[in-house]
1. For Val34, Val80, Val145, what's the largest-to-smallest order of accessible area, 1.4 Å probe?
2. In terms of the Cα gyration tensor, with a ≥ b ≥ c the square roots of its eigenvalues, is segment 1-59 rounded because a/c is under 1.5, prolate because a/b exceeds b/c, or oblate?
3. Can you bin segment 30-76 into rounded, prolate or oblate? Criterion: square roots of the alpha carbon gyration tensor eigenvalues sorted a ≥ b ≥ c, rounded for a/c under 1.5, prolate for a/b above b/c, oblate for the rest.
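The values are calculated or read from the model by the stated rules, or taken from the named source; none is laboratory data. Source: prediction; values computed, not measured. SASA here: full protein model, heavy atoms, side chains in, ligands and nucleic acids out. Shrake-Rupley method; radii C 1.70, N 1.55, O 1.52, S 1.80 Å.
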Amino acid sequence: MLAALTGAGLSAAAGLNAYIPFLVVALVARFTGVIDLPHQYAWIESWWAIGIAGALLLSEVVLDKIAVVDHVNDAVGTFVRPATGGLIFAATTAAEDFEQGSTFMADNPWVGVLLGIVTAGIVHTGKAVTRPAVNVGTGGLGTPVVSAAEDGAAVTLSLVAVFLPVLVIFLLLLLLWGLWVLWRRASGRRRRTDELMADAGY
């Protein structure tokens, strides 16, 4: 159960930012004994994987804070984020099985991959649908603020998923509620702007 919560939390974080949960897993596995990745996933904690993920994270952090450019970034993320979610879910649940002497997830990695893809895909869809409303509703000024909040949520969710997985369900509900509130507020602003422009004859 805890392994599934860890995988779900990390996959949800990947839906916001693919590289943050990947790096959390890689660094925790490399420098601590909290995660012991089985051999088929050992490459995740290699220096080359950490280096590439770090470089991609830097570009993601910058691009996602620029209005309009963030739409292109989200389009690319449609493939990258669910794929990362699937990988991380499979790797962490397989690691838990490995530590307990079980081989189910190691022998059936598609289960974790599928669950991770679905979880990350749902969160990514919420992010991708919400962001245009935020951009239009705030004239692009809210883009870096919302992006920074998403990055912070991804870091928090990743760390909680690894170290306090029992809290993952609460954080997932909070995340979904936050995306809903953002979308509602941004949509309301956009409607008011459209009405004012219509009244002014534009």
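1. Details: Val34 65, Val80 45, Val145 100 Å².
The ranking, largest first, comes out as Val145, Val34, Val80.
2. Numbers: a/c = 2.18, a/b = 1.11, b/c = 1.95.
Verdict is oblate for segment 1-59.
3. Numbers: a/c = 3.24, a/b = 2.86, b/c = 1.13.
It comes out prolate by the Cα gyration axes.
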